[in-house]
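Quick notes on the structure that follows.
The values are calculated or read from the model by the stated rules, or taken from the named source; none is laboratory data. Predicted model, so just to flag it, every value in this text is computed and none were measured. Positions of Cβ are backbone-derived with ideal geometry, glycine not excepted, and every protein chain shown enters the neighbour counts.
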Amino acid sequence: MNYFSRVSLIIVLLAFVSLGAFAQEPIGVIAKSKGTTFHKKFNADDYNPNAVMGTQLKNHDWIKTGDDGFVAIFFLDDKSQLKVKGNSEMEILASIDRGKISKTISLDYGSVKATVSNQKGEFRIATPTSVASVKGTEWWVVTGPNGDLFIVIEGVVEVENLVSGTVQNVGEDETATSLPDGTVAVEETDDEEIPVDPDEEGGEEDSSSTIHELRIRMVNEETNSEKFIIIEYAE
C-alpha cells in the first residue's frame, strides 16, 4: 500500500474559526524526505541543507532536491499531495479567495507528481514554458530547457503554453508536450515516459514497514484557537 493511502487528516477546532483566520499559518508540511534535499524559508536568502520531515511550509517557501533527493509534501487544507523527485527546484505559492486556498507550484526544473482530491481551491503547476490547472486528478510534470511533459494518470488537466497562449485539455492516459516555440501536442501516453514513483521504486512497499505519526499543532494567537494535523506515514 502506498504510504500516502494511509495519510489521515484529523482537525480539532477548540473554537470556531474560519479558514481566513489561519491565512498566515502554514499551508503544507514535509511528510517525507530522502537523500539530498534543501528547504528555503520565505524570509530567507539561502537554502538550508535537508528538507526536514515535519517542517511546516508557507507561501513563497522553496524546495530543492539533488540527484538522489526526494521530498513528499502534504497540503493541510484539502489533502493534496506532491512528490518532488531528484534534480528539481520549486517554489510554493498560495493565495486565499473566498475562504479557499489556491496553490501554485512554480517548478523551475525537474519532475513532480501531484495527487489532488477533495479540492477546495485552484491547484496549478507552472513552469517557465507552461501552466497546468486541474480540478481533482493525478499527474506528472517533467520540465527542462527543451520544454514540458504533462502526463495525466487520472482526471483532466488544462495545459496552457505561455508563449503562444495555446490551451489543450489532457485526459487520462494522455501526455501533452509543450515546447518553448509555443507548440502543444497531445498524444496517448507512452508508458516508458512515465517517471518512476519514488514510493514504488524497488517493488511493493515492505509490509513490515513501521507506521509513524507526525502531529502538527497550529495556533492562531488573535483568536486564541488552534487545530491539530495528524499525518501517518510509513518508513
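Collect the residues in region 69-81 that are free of Cβ contacts under 8 Å to residues at least 60 places away in the same chain and either more than 21 Å from GLN119 (Cβ to Cβ) or in a loop (DSSP other than H, G, I, E, B) (or both), keeping them in residue-number order. Before you say what the answer is, go through the steps one by one.
If we filter region 69-81 for residues that are free of Cβ contacts under 8 Å to residues at least 60 places away in the same chain, which is where we start, we get 69, 71, 73, 75, 77-78, 80.
Within region 69-81, GLY69, VAL71, ASP77, ASP78, SER80 meet the criteria.
Taking the criterion of being surrounded by fewer than 16 Cβ atoms within 10 Å (Cβ to Cβ) and either more than 11 Å from the chain's Cα centre (by Cα) or modelled with pLDDT of 95 or more (or both), would at least one residue in region 71-84 satisfy it?
The first filter runs over region 71-84 and keeps only residues surrounded by fewer than 16 Cβ atoms within 10 Å (Cβ to Cβ), leaving none.
The answer is no; no qualifying residue exists.
Would you confirm whether any residue within region 137-144 is within 13 Å of the chain's Cα centre (by Cα) and either under 25 Å from ASP46 (Cβ atoms) or aromatic (Phe, Trp, Tyr) (or both)?
yes
Among (1) at pLDDT 95 or above; (2) touching a His at 6+ places or on another chain (Cβ under 7 Å), there is one condition LEU107 misses while meeting the rest; what is its number?
(2)
Determine whether region 126-136 contains at least one residue that is in a loop (DSSP other than H, G, I, E, B), modelled with pLDDT of 90 or more and out of contact with any Pro (no Cβ under 7 Å at 6 or more places or on another chain).
Yes, region 126-136 contains a residue that is in a loop (DSSP other than H, G, I, E, B), modelled with pLDDT of 90 or more and out of contact with any Pro (no Cβ under 7 Å at 6 or more places or on another chain).
Can you tell me which residues in region 141-151 are over 16 Å from GLU89 (Cα atoms) and not in a strand (DSSP E or B)?
The one that is over 16 Å from GLU89 (Cα atoms) and not in a strand (DSSP E or B): ASN146.
Among the residues of region 146-167 satisfying the criterion of being among the polar types (S, T, N, Q) and surrounded by fewer than 18 Cβ atoms within 10 Å (Cβ to Cβ), which is farthest from the chain's Cα centre (by Cα)?
So the first thing to find is which residues in region 146-167 are among the polar types (S, T, N, Q), and the list is 146, 161, 164, 166.
After this cut, where a residue has to be surrounded by fewer than 18 Cβ atoms within 10 Å (Cβ to Cβ) as well, the list is 146, 164, 166.
Numbers: ASN146: 23, SER164: 26, THR166: 25 Å.
That would be SER164.
Looking only at region 111-125, count how many residues are touching a residue at least 40 places away in the same chain (Cβ under 8 Å) and either among the basic types (Lys, Arg) or within 20 Å of LYS41 (Cα to Cα) (or both). Outline the logic, then answer.
Here is the first cut: in region 111-125, the residues touching a residue at least 40 places away in the same chain (Cβ under 8 Å) are 111, 113, 115, 118-121, 123.
Imposing the further condition that a residue be either among the basic types (Lys, Arg) or within 20 Å of LYS41 (Cα to Cα) (or both) reduces the set to 113, 120.
Within region 111-125, residues that are touching a residue at least 40 places away in the same chain (Cβ under 8 Å) and either among the basic types (Lys, Arg) or within 20 Å of LYS41 (Cα to Cα) (or both) number 2.
May I ask you to list the residues in region 123-137 that are among the charged types (D, E, K, R) and either crowded, with 16+ Cβ neighbours inside 10 Å or in contact with a Lys or Arg (Cβ under 6 Å, 6 or more places away or on another chain) (or both)? Give the derivation first.
First, pick out the residues of region 123-137 that are among the charged types (D, E, K, R): 124, 135.
Answer for region 123-137, where residues must be among the charged types (D, E, K, R) and either crowded, with 16+ Cβ neighbours inside 10 Å or in contact with a Lys or Arg (Cβ under 6 Å, 6 or more places away or on another chain) (or both): just ARG124.
Considering only region 144-163, I want to know if a residue exists there that is among the aromatic types (Phe, Trp, Tyr), touching a strand residue (DSSP E or B) at 6+ places or on another chain (Cβ under 6 Å) and modelled with pLDDT of 95 or more. Write out each step before concluding.
First, pick out the residues of region 144-163 that are among the aromatic types (Phe, Trp, Tyr): 150.
Checking which are touching a strand residue (DSSP E or B) at 6+ places or on another chain (Cβ under 6 Å) leaves us with 150.
Keeping just the survivors that are modelled with pLDDT of 95 or more gives 150.
Within region 144-163, one or more residues are among the aromatic types (Phe, Trp, Tyr), touching a strand residue (DSSP E or B) at 6+ places or on another chain (Cβ under 6 Å) and modelled with pLDDT of 95 or more.
Tell me yes or no: at least one residue of region 56-68 is part of a strand (DSSP E or B), modelled with pLDDT of 90 or more and farther than 21 Å from LYS32 by Cβ.
No, the conditions are met nowhere in region 56-68.
Restrict the check to region 37-53 and report whether at least one residue is β-branched (Val, Ile, Thr), buried (at least 19 other Cβ atoms within 10 Å of the Cβ) and under 12 Å from the mean Cα position of the chain (by Cα). So that I can check it myself, show each step before the final result.
As a first pass, look at region 37-53 and keep what is β-branched (Val, Ile, Thr): 37, 52.
Pick out the ones that are also buried (at least 19 other Cβ atoms within 10 Å of the Cβ) and you get 37.
When the remaining residues are screened for being under 12 Å from the mean Cα position of the chain (by Cα), the result is none.
Looking for residues that are β-branched (Val, Ile, Thr), buried (at least 19 other Cβ atoms within 10 Å of the Cβ) and under 12 Å from the mean Cα position of the chain (by Cα), one finds none in region 37-53, hence no.
Would you please name the residue that is surrounded by the fewest Cβ atoms within 10 Å (Cβ to Cβ), looking only at residues in region 85-104 that are small (Gly, Ala, Ser) and modelled with pLDDT of 95 or more? Talk me through it step by step, then tell me what you get.
First, the residues of region 85-104 that are small (Gly, Ala, Ser): 86, 88, 94-95, 99, 102.
Applying the additional criterion that residues be modelled with pLDDT of 95 or more yields 86, 88.
Numbers: GLY86: 18, SER88: 24.
That would be GLY86.
Evaluate the following for ILE101: is it more than 22 Å from GLU200 (Cα to Cα), touching a residue at least 40 places away in the same chain (Cβ under 8 Å) and part of a strand (DSSP E or B)?
Working: more than 22 Å from GLU200 (Cα to Cα): yes; touching a residue at least 40 places away in the same chain (Cβ under 8 Å): yes; part of a strand (DSSP E or B): yes.
Here the answer is yes, as ILE101 does meet what is asked.
Looking at region 1-55, which of the residues that are closer than 21 Å to LYS103 by Cα, among the aromatic types (Phe, Trp, Tyr) and out of contact with any Pro (no Cβ under 8 Å at 6 or more places or on another chain) is modelled with the highest pLDDT?
PHE42
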